[in-house]
Each structure stands twice: as structure tokens, then as C-alpha cells.
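First comes the structure, then the notes that go with it.
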Amino acid sequence: MLEIGKYKMVTLTYDLRIDDEKGEMIEQATVDKPLQFLYGAGVMLPKFETHLAGLKQEDPFQIKLPKADAYGEVNNDAIVELPKSVFLVNGEFDSEMISVGNMVPMMSSNGQRMNGLVLEVTNEIVKMDFNHPLAGEDLFFSGKVIEVREASDEEVAQILSGGGGGCGCGSGEDNCSSGSCGTESGGSCGCGC
């Protein structure tokens, strides 16, 4: 039976909670919609992967990641006020999309994709938070390894070239549905975006 290690395809289920096993559930990967990823490809939180190393199919796991090993502290420099004119499309401001509580996909000046949470909208500015939704939180995962298998050369090449790596903890994907491999609050997918 294969062990989780570099360039193995790993499939697992988990419940992700804030702080500990009794904390608020914020994400779940189920048997019907598990997390699948290439171990060692750099798409997952490094300490999350470290705790999974050596596990085999059917092994249960519990992983507590302090915020320093997850998404760090909330960075106040990532909370910014942008001119409302930045959000004009064809001279119009989309007040439905750019409203308090919405996550808005944006691009930095160097072309990096990022999501921003709208905190405030005034006549002049839109205040946004570009911290990861789980910044400042200790994370607790409990789950089970469903499968460990050799990755094909094609899978390794595709994932390492940025062509996809699964959804969930560290993937950076943001197309997942709420409640399974996505945040309950409708934020960005997984604990790695």
C-alpha cells in the first residue's frame, strides 16, 4: 500500500474548523466531493502536507495548524481604499457586484489574480480587504485518506505547469461550490486561495 509522499496523487476527506474539533465548521471535503491533489507540488499549505506525509489509504488524521503555519496574521496593509472610479465598466458602477460583503476578483498592477472582500462603499471610495479569508485563524482538520496512487507523468506535468491541482487547501482554485470543497460563507474556495 502506497504512502503519501512526493508526487503521489492524494485523495482525502476532511472537515475544516476554526481552532479545534468543536470550532465553527468552515469547509468540508466529502466522499462525494473529496480533495484531490498532487503531494509536493506546492499547491497546499506546507505544514498541512508535512502532517500527511507517510499516511496510507484509510488512515485517519487530525491536524491543528496555528495561524503562523496557515495564513498568518491579518495584514492591515492588505486593507485598502480604492477610488470608486476603478470599478467603472463602460462608465457605470455595478453597485450589485461591488457591495459590502461581496468577494470581488481583482488583478494587481503586476497581473496577479486576487480576491478582495468589499468592506465599505462611499461616494468616493471602495474599501477592500485582500487578506486571505482565513488570515488570523488557527485551523483544525479532521479527515481520512481515501486513496494514494502514483501520479501519471501527464498529471505531474499539467499540475506543475499551473494547469490545475485540485480544489481545497492551498489550491488557489475559486470555482468550487459552497459547502463542499468551498467555504460556507461563499468566499474563495478552500484553505489555500
Filter result (surrounded by 15 or more Cβ atoms within 10 Å (Cβ to Cβ) and hydroxyl-bearing (Ser, Thr, Tyr)) within the range 66-113: Tyr71
Single unsatisfied condition, Asp32 versus (1) of a type in the set (Asp, Glu); (2) within 28 Å of Ser161 (Cα to Cα); (3) within 17 Å of the chain's Cα centre (by Cα); (4) not in a helix (DSSP H, G or I): (3)
Residue check for Val118: part of a loop (DSSP other than H, G, I, E, B), outside the structural domain of Ser152 (by TED's automatic domain parsing), at pLDDT 95 or above and of a type in the set (A, V, I, L, M, F, W, C): no
Of the residues in the range 58-85 that are assigned to a strand (DSSP E or B) and more than 16 Å from Phe130 (Cα to Cα), the one that is farthest from the chain's Cα centre (by Cα) is Pro60
Output the residues belonging to the range 78-108 that are among the charged types (D, E, K, R) and touching a residue at least 40 places away in the same chain (Cβ under 8 Å). Glu81, Lys84
Here is a list of conditions, (1) part of a loop (DSSP other than H, G, I, E, B); (2) farther than 22 Å from Ala135 by Cβ, and Asp20 meets all of them except one; can you say which number that is? (2)
Every listed condition ((1) surrounded by 14 or more Cβ atoms within 10 Å (Cβ to Cβ); (2) at pLDDT below 95; (3) under 24 Å from Val31 (Cβ atoms); (4) in contact with a strand residue (DSSP E or B) (Cβ under 9 Å, 6 or more places away or on another chain)) holds for Ser152 save (1)
Being surrounded by 12 or more Cβ atoms within 10 Å (Cβ to Cβ) and under 16 Å from the mean Cα position of the chain (by Cα) is true for just one of Leu55, Leu45. Which residue is that? Leu45
Among residues belonging to the range 135-149 that are in contact with a helix residue (DSSP H, G or I) (Cβ under 9 Å, 6 or more places away or on another chain) and not small (Gly, Ala, Ser), point out the one that is farthest from Glu24 (Cα to Cα). Val145
Report, by residue number, each residue of the range 49-86 that is on the phi > 0 side of the Ramachandran plot and touching a strand residue (DSSP E or B) at 6+ places or on another chain (Cβ under 7 Å). Gly54, Glu58
Considering residues that are under 18 Å from Tyr71 (Cα atoms) and among the charged types (D, E, K, R), the number found within the range 1-33 is 6
A careful count of residues in the range 23-77 that are touching a helix residue (DSSP H, G or I) at 6+ places or on another chain (Cβ under 6 Å), touching a residue at least 60 places away in the same chain (Cβ under 8 Å) and farther than 25 Å from Leu117 by Cα gives 3
Gly101 passes all but one of the listed conditions (1) outside any strand (DSSP E or B); (2) closer than 28 Å to Gln158 by Cα; the exception is number (2)
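The values are calculated or read from the model by the stated rules, or taken from the named source; none is laboratory data. Everything numeric here is computed off the predicted structure, so don't read it as measured data. Cβ atoms come from the backbone with ideal geometry, glycine included; neighbour counts cover every protein chain shown.
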